[in-house]
Structures are given as structure tokens and as C-alpha cells.
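The values are calculated or read from the model by the stated rules, or taken from the named source; none is laboratory data. Since this is a predicted model, take the numbers as computed values, not measurements. Because the Cβ atoms are built from the backbone with ideal geometry, glycine has one as well, and the counts that use them run over all protein chains shown.
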Amino acid sequence: MSCCPKTLLFLLLLAGGCSSVQPPPQSYIYPDDHPIPRPKKRKPSLVVEILDKSISHQIKQLFDLPRTVRKLVGHPYQALNVDAFDEVPNSTWFTNRNGTAPMSLEEIRRGPNQYYGPDTTGAWTVLKLKSTDAIPGLTIVDARGHQYLIKFDPPEFSELPSGTQTVAAKLLYAAGYNVPENYVVWLDPKRLQMATDAVLSVGTNDNRAPTSKRSMARADLQRLLERANPQGQPLIRALASRALPGIPVGPWSYKGIRRDDPNDIYLHEHRREIRGFYIIASWLNHANMKEENTQDMYDPQARFLTHYLTNFDGSIGSNSTRPSNPRRGQANSFDLKDSLIRLVTLGLYVHDYERAPRSIPHPSVGYLGNDLFKPRAWKAMYPVPAFENMTRRDAFWGTKIVTSFTNDQIAAAVSTGAYSNPAAASSMTRFLIERRDRIGHYWFARLNTLDRFKMADYGTLEFTDLAVARGYADSAETRYRCQVFAATGATLFKDKLKNTVLTLDPAWRQHAHIAVALLAQRPHYSARPILVYLQAAEKGWRIIGLRRRD
Amino acid sequence: MPPGIFSALLLVFFLAPPVLAQSTALDSTSTPLPRPRYRSLPEEAIAVPGMALYIIAERSVFSLGKYLAYGIWNLRLLDRAKALSTTADGRAGVRPLSSTHIGTGARLFYKNLFLNGDATLISSWGSSTTKSQRHKFQLYWPSGRILPGGLKFTADYYQRPKSNFYGMGSLSKLIDLVYFHRESLYLRLNYRRRLSPQLVLNAGLNYHYIDIRRNSSRPPGPLPAPLLPPGLATLAQYVETSATLNASFVDVPNSPTHGHRTLLYLGYTQSVDDNALSHLKLLFITEQFRELFYRRTLSLRLGTEWRLAPGANEVPFYELSSLGGTEYLRGYETGRFRDRGSAFAKVSYKYPIWKLLEGMLFYETGRTLRHPGDLNRKHWKSAYGGGLRFWVPEGFAFEQSVAISDEETRLHFDLSTLF
């Protein structure tokens, strides 16, 4: 009797019962690399962005009646830029990498890097020095003519920002995003030479205009090096981040479109790769989601924009210049709800992150506490409109990518952080593996995990149960409910499968297309069926699309 | 709901496929790409009233806030205003100031004026009801410029046409209110020496000229003889020597969670004219902080203040120990209770709301005393209240509180001091 409601739901959800099934999805995703005029440089304000996202945008969503109704009844707006297979095609935003085809360990370690770092055969010419940032930095040109931003670690947390930036960049690149080339380097101060027009820029943090700018003297450089290297080591560890190719035209936004980019037609809060980034960001605890940590680059030859993620020193166990803390990922930087709860309860309510221990066994990797991590409750430092729109389909897409990383791949990425203490590297690897598994266990228990549909031969449909394949469910306890419909809605076949193969009856070829509804059944699992559309081809069948449901 | 409307809603929300909007493929790079809709046109129509309301709020309130924030943060308007009101070499400048304590005014500064001392002139005017004004000139030599400690010379002129005096003791009544006019000049020399990271010693030498007259405007009629306080209607001159010891053993100076602070003040004021108004001043305050759990902190403050007049001298009423105002018994008017001595206690509980914002509840009690032997359970006055406190590490603390007593409810805002 217990399965009766589920059966009823299964039937109801098959779009209209017996009359007909929904037509196959049709979607055309426009390429976004058409030549465009060079856009103006965007200079968003951090403080306006925070006010907008934290207050203004929240109120706007409350006033949006259709959106609110859809959320209440469980039919939220779906992402716009997905194809008929509910996937994100390659674009200037995203490239399918490890999520679709496993990368080799060497590819993971290399990431976006094209070299082994700045050229060490010649001098590094200093162009610019940033003196008042939390982490002092300088811009250099190496002998190859490549420009790099050199950022030093704080002396008390050596290896923390540089290692974190490098590891996170490798993982985000493998996930499919555009990121800069980051290298851990050991800088020989003797290698530095001053450009004749070198500039000292003071107070440039947070994208604001510098409070002062003047030509730089050797003494300025000396002071910075002393600050970065108080113990006077012969080689100073630092992060070298290669300048992105093209002309920078400012950051991209987590909502709306860039109006001076005609290629940018999908509202960013409705782009799958940005909505689904929630899952990836929660994995890496990449909470610093301000627009400043993104960048649009204009290619003057091809004349289109490429969209990058930058600055990952506030992810994993790091909070830029110091270790992270239990609050990071648990609450927004200014969390109205949290604050109101405390105000009203006179402080008697204590949040979990206040109770959490703050031990940091390895300062080089920062705070790696995972006890409080709940995949759906994770929060960025500021509300992100695209994350607020994330649906289960977006979550499935993100989870698919996160769980595609094997333990070896994660260890390979962590090895690029060049940590001097192997125990620190191991603890970071364990942290990432544990978070990945929590994400997998949580989301794969709530989503239809059937994926990678393919015609094995002319009459056999094969698919993969990602939860089973990636170790989040037991194949022995799993069965697959299957129902085949004609376009008219008539049921052609109904049974439970023991494995992930369905043999198609040649007699069904008389229909223009058929829809196969599939749903895994196992303990503690609740999801909705997926519809896979097949069209009769010259020999056998062709998969023409699929419909996932929230 | 009628089935027709229900069907229409269904159509609008669930069946009208937004994907239909993205229909034709792009056939020319010169043609602008269509912007795909994330919802159908009927849904857009339903959203219009809500969006209209939002746009009104956005244009009228939020935009203003954003422009303000943009101006302050990105355009650095405050920095620019600061630069505009400062000379190019940074030596001299002017700054505005405003608070409930000192009113509204300006601060002028000039660095390295005399013997490398930094000069400041503060002029402020109080509200229209008090009509007070204060002009204070300071010359400060930080530690090491002249002496091992900091040295400060102050000339302070203060005029308040309308001050309150309710009579002596905790039993004084509101109806006994007398207004008096006060005009004074202080010349002060103060030496401050840090003995250790926790201990600071202040030594002072003051000349004090004061003119106290009864405000003739009100209440009308002669002042009853029992209420005629010593010091009224006199021109008095004093020389005062004082020493203050501050001890602070707390974890976070502006928001302690554990530790204690103590202040001890001892001063002798000698009349240098015919008035027999010499007196001794003594103030002792101690405060203990204890963290209950996760930065929820309970603190207990105890204090006593005394004015002792030797021989035939009397303590002028304006120098009496007082309760009420912005620090002790905040639910009462400033100087509401006065006498030779006072004892007070405060229990407060503070809890974090946001990183630098704290909530606060307090209960205060106190009474004035004629003699130490008067200390008993009777006639204690109390006030309670709560507020919000914004603090910056190693910087200032801003406190907004409401205090309630049996006489009135008072609102305070305060740039907090340690005591």
C-alpha cells in the first residue's frame, strides 16, 4: 500500500495522464562569439552591489507575484540556456570539461596554464606596485613579455592565499569555467628590476580609484619586499597570476545582461552555469561572490567577450589573508535574518557557527571544518540572484560536475598548491572529498540521477545511474521503473528494470516518436521521472531530447 | 474559483512555454540576437502592478541610498570633504562635530604650533532649550615631544543659561526645580603617563573661574530658603589639583567580554577668593565583565563619588555629586539628584547582533548620600532600558539607548567612553 501514492504521483506527473505526453523539448542556443564592438569598461561599486543584492533585489522579488506563486507551487522559472538534453552548450562562459569527459590527472594539474609560470631565465620588470591592499602585490613583465600580478602571502599564514588560489583555479577550470593562469612561484628579489615609468598605487582595493598614484621608487619596492618577507628569506613564495588575454572591460554581473554586449542575451540569473555554480561554490566554500571577482575580457582580434571568474583566495580554508571561520558559508556577510533572530531573542539563540570549534591544525591551508556544511543551506557572503533562482535541475547539473571529480583528481589539484607540509595538503584533500560526498549524498537523494542516455545498438537504450556509478547508492537496492508512451499518450510498455538497459520493441517504430519515462527506486529516495524522447531512425532509434522535472 | 479562471491561471503559469520566444535561428551576424524571455507575456502582465510598486520604492528610496553609498564609497566624498577642509600639508583644518553631549559645532586644528604642540579649538552650541555654548582651546604635546608622557593645556569657556537644580538628596521633587545660569572658565594643565599597557596615570592642575546666578525668568517668585544652595549667586575662583588612575584589564577595549576596569579619581579644589567653598573630590568606579556564552556578556559596574568640605567650607551645589543624565541613572534628567555623596550600580547584558553591532539591556540603581552612614536600602532610584551599540575595534563606539525611570523615558545617543 505504501507505494500507491508514489504510483499515483508517477502517473500524474507524466503530463496529462493518458491523453498525451508533452512534446519533445526544442531549444536553440545562440552562439555568443559573434563579432561585436568593444564594450565600455564597467566599474560597478561594491557597496552599491551589496545594498542592491541584500535589500533592493530581495524586495523586488517579493513584489514579483508570478515568481512568488511559481516558487510556492514548485514550478520555478527554469534556466534559459539549456539544450534539448538539459545541458549547457560550450560558450564564452563555460566549456564542458570534467563533467562530461574525465580529464587526466595531468590535465587537472595543468588546468588553464600554458607555461610553468613567469620566465625565470631573465629579469622581471616591475610596472606597478599596490601598497595598501590586504595582500601587497606588484605587476611584472617577464622575459617573454607576459604580464603577471604577483601577490605575496601574509608572513603569519605563509602558503595560505597562494596555495588556495592555485588549487581553486584548477578545480574551477576542470569544472568548466574560465579562470586565469595561477602559479605558485618563488621570487628572487634580485630578479626584480624597475620599469622607468613604474607606478605606486595606494588604496586601490575594492575597485575604487586609488587615493594616490605616483611614480615608484626603489625604496617603495624594498619596503614591500620587507613587509612580505620579514625574515629575509632568499626566495619569497608568492602567487603569480598571469594577466588575462585581451582587453579588460570590467566585471560581469550575477543578474541582468550586459547591454553593450549584443551576444549577451540570456539573463545571467537564468543562466544554468551561473545558477548551478552554487553547487560548485558550496563545494569549494567560495563565498566571496562579489562582482569584482569576475572579469569580462574583450578579444580585439575575434571581437567578442570571454567571461572569467577571478580571485579565489577566499575559498576552501582561506579568507584572503587569514584563515576562514565557521561562519563562512553559513550566513551572508550582513545576514538580516540572523541579525533579527539575535535581536528578538536577546541573544539567547546561538547559531551553530558560533558554537563550532575554530581549530586550525595547519595554518597553510586555513580553517577546514566541515561539521556545519549542509549542501542546501550554504550561503555566499552576499545574496546572489542567480543562486536564488537555482532549481533542482540546475542543482543536478552542478552536482553532476562536482561528483565527477575523483579522489585522485582532487589530490592532483591540491598538489598544485605546493604545500610544504604533506599533512596540510592531505587535510585539504580530505576536506574537498568530504564536501563532494555530502553534496552527492544530499542532492542525489532528491533528484532523478539517471543520465548519459545513449543508444547502445539499434534497439537498446542504455543509461547511467549517477548515484550508483559514483557510489552514493547501492545498485543491489535499486530498481528502475520504466513506462513507454506513444506520442498520443498510450502506454506501450510498463515494467521494472533491474539494470540500466531498456530493449526497445521494433513494433514501437510505427509511432513518430516515443517517450520513455524512467525513475530509480531505492530506499530513502524521492524524485520525479525523467522523460527521454526517441525518434524512429532509419536503423533503430535516435534520442532527440529529454525532460527533467524539478 | 471558477474553472475558467483556474484554467487561465494554469495556462499562464505552467503551460505557456517561455521557450517559444526563442524560435528562429540567427541567420546574420548583423542582426541583433533576440532576447529570450524567461516568462510568458501574460505572466509579465501579471507582474506589472508589483513591479510598478517596486519601481516607485526603488526610485524614491533605494536609489537615494545607493547614490549616497556610491558617493561615500566610490567617489570618496567624505575623503574629499576632509581634503577640502584641510590644508595641503595636512597641518591645519576644520571638522564638523555633533552629539547630544556637546551640541553642534566645529573643531579647528593646527599641528606643530608651539613647541611642536598640536592645537585644537572646539566650539559648540547646544540645543535651543539649553542655549549652551562651549569654546575649548587645547594645546597637546604627545608623549615624547616635551616630556615622557603626554602634556595638554586646555582653556575651556562654558556658558549654560539654563541648568537644572532640584534640591538636595534623593527625596528632591520635580516641582522644586530651579533654573540657574552658569558661566565658567577653566584653565587646565594635564599630564598623562602610561605606566604599563594596562595602567594610565593622569595628573592635573586647574584654575577655575565660575559665575553662578539664578535664572530669573522662571520659576517666578522667591526661592524657598531650604532650597537656597551654597554657591548660588557667587563669583568663585578655584585652583584644583587632581590625579586619576585608570586600570584596564579587558580583552577587547571597545567591547570587552572578560576582564575588569577600574577608575580612581582624587582631587582637591581650593577656593582662591573670599568664598569658603574648598572641597575634596573622590570618585571610584569598577566594572567587571564576564562572558556568559559566545560573546554574550554580563557586566557589573559599582561606583561611589564624594565631595567633602573641610572645616567651615561648603561644597558648592554645582560641584555636588550627581546622578541622572547620560552616564549614571540615565532614566533621569541630568543632575536630577545631588548631594555630597552618591553610590550607584549598573548591571548590563550585551549580545552580538552583527559583527560590530550589539544589543544591550541594562538596569541601574543609585542614590545620593549626605553621609556614608546614610547608606541603607531606602530611597534608591532605579532605571532600566536597552539599546544598540555599534563599535569599531580600537576605534569609537556609538551607542543609542532608551532608559526608563519612574519619572520619564529618555533617549540617549552617545559616543561611548570607557566610563
*Quick one: in the range A:74-116, of everything that is touching a strand residue (DSSP E or B) at 6+ places or on another chain (Cβ under 6 Å) and aliphatic (A, V, I, L, M), which residue is farthest from A:VAL402 (Cα to Cα)?*
A:ALA84
_Count of the range B:297-313 residues which are at pLDDT below 95 and under 22 Å from B:PHE249 (Cβ atoms)_ = 0
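Do we have any residue at all in the range A:320-332 that's within 12 Å of another protein chain (Cβ to nearest Cβ), touching a residue at least 12 places away in the same chain (Cβ under 8 Å) and part of a strand (DSSP E or B)? Please lay out each step first, then the result.
Restricting attention to the range A:320-332, the residues satisfying the condition of being within 12 Å of another protein chain (Cβ to nearest Cβ) are A:325-327, A:331-332.
Filter once more, so that each one left must be touching a residue at least 12 places away in the same chain (Cβ under 8 Å): A:325-327, A:331-332.
Applying the additional criterion that residues be part of a strand (DSSP E or B) yields A:331.
Yes, some residue in the range A:320-332 is within 12 Å of another protein chain (Cβ to nearest Cβ), touching a residue at least 12 places away in the same chain (Cβ under 8 Å) and part of a strand (DSSP E or B).
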*Considering the range B:324-333 alone, what residues qualify as being without any contact (Cβ under 8 Å) to a residue 60 or more places away in the chain and surrounded by fewer than 22 Cβ atoms within 10 Å (Cβ to Cβ)?*
B:GLY325
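Suppose we filter A:MET390, A:MET381 for residues that are modelled with pLDDT under 95 and of a type outside the set (D, E, K, R); which single one remains?
Values: A:MET390 fails: modelled with pLDDT under 95.
Exactly one of A:MET390, A:MET381 is modelled with pLDDT under 95 and of a type outside the set (D, E, K, R), namely A:MET381.
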*Return the only residue of A:SER420, A:SER426 being of a type in the set (S, T, N, Q) and closer than 17 Å to A:LEU171 by Cα.*
A:SER426
_A:LEU171, sole failed condition from (1) in a strand (DSSP E or B); (2) touching a helix residue (DSSP H, G or I) at 6+ places or on another chain (Cβ under 6 Å)_ = (1)
*Counting just the residues of the range B:30-45 that are surrounded by 13 or more Cβ atoms within 10 Å (Cβ to Cβ) and within 20 Å of A:SER27 (Cα to Cα), which one comes out modelled with the lowest pLDDT?*
B:LEU33
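Take the range A:378-394 and flag every residue that is over 19 Å from A:ARG435 (Cα atoms) and not in a loop (DSSP other than H, G, I, E, B). Before you say what the answer is, go through the steps one by one.
As a first pass, look at the range A:378-394 and keep what is over 19 Å from A:ARG435 (Cα atoms): A:382-386, A:388-391, A:393.
The answer is A:PRO385, A:ALA386, A:GLU388, A:ARG393.
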*A:TRP252, sole failed condition from (1) more than 27 Å from A:SER27 (Cβ to Cβ); (2) in a loop (DSSP other than H, G, I, E, B); (3) away from chain B (no Cβ under 12 Å)*: (1)
*Do any strands (runs of 3 or more DSSP E) entirely within the range B:230-323 hold 2 or more residues that are within 14 Å of another protein chain (Cβ to nearest Cβ) and either surrounded by fewer than 16 Cβ atoms within 10 Å (Cβ to Cβ) or in contact (Cβ under 8 Å) with a residue 40 or more places away in the chain (or both), and if so, which?*
B:279-293, B:296-308
*asked:* Condition first: outside any helix (DSSP H, G or I) and either β-branched (Val, Ile, Thr) or at the interface with chain A (Cβ under 7 Å from one of its Cβ atoms) (or both). Now tell me which residues in the range B:35-74 satisfy that.
replied: B:ARG35, B:PRO36, B:TYR38, B:ARG39, B:ASN74
*Would you tally the residues in the range A:21-46 being facing chain B (nearest Cβ under 9 Å), within 17 Å of A:GLU292 (Cβ to Cβ) and over 24 Å from the mean Cα position of the chain (by Cα)?*
0
*Looking only at the range A:56-70, which residues are more than 7 Å from chain B (Cβ to nearest Cβ) and either surrounded by fewer than 16 Cβ atoms within 10 Å (Cβ to Cβ) or touching a residue at least 60 places away in the same chain (Cβ under 8 Å) (or both)?*
A:HIS57, A:GLN58, A:GLN61, A:LEU62, A:THR68
_Failed item in (1) part of a loop (DSSP other than H, G, I, E, B); (2) more than 16 Å from A:ASP550 (Cβ to Cβ); (3) aliphatic (A, V, I, L, M), with A:LEU62 passing the rest_ = (1)
_So A:PHE396 passes all but one of these: (1) surrounded by 21 or more Cβ atoms within 10 Å (Cβ to Cβ); (2) under 26 Å from the mean Cα position of the chain (by Cα); (3) within 14 Å of another protein chain (Cβ to nearest Cβ). Which condition number does it fail?_
(3)
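Yes or no: the range A:437-452 includes at least one residue that is part of a strand (DSSP E or B), without any contact (Cβ under 8 Å) to a residue 24 or more places away in the chain and touching a Cys at 6+ places or on another chain (Cβ under 6 Å). It would help to see each step written out before you state the result.
Looking only at the range A:437-452, we keep the residues that are part of a strand (DSSP E or B), and these are A:450-452.
From what is left, the residues that are without any contact (Cβ under 8 Å) to a residue 24 or more places away in the chain are A:452.
Pick out the ones that are also touching a Cys at 6+ places or on another chain (Cβ under 6 Å) and you get none.
Scanning the range A:437-452, I find no residue that is part of a strand (DSSP E or B), without any contact (Cβ under 8 Å) to a residue 24 or more places away in the chain and touching a Cys at 6+ places or on another chain (Cβ under 6 Å), so the answer is no.
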_For the range A:413-423, which positions are surrounded by fewer than 23 Cβ atoms within 10 Å (Cβ to Cβ) and part of a helix (DSSP H, G or I)?_
A:SER415, A:PRO422, A:ALA423
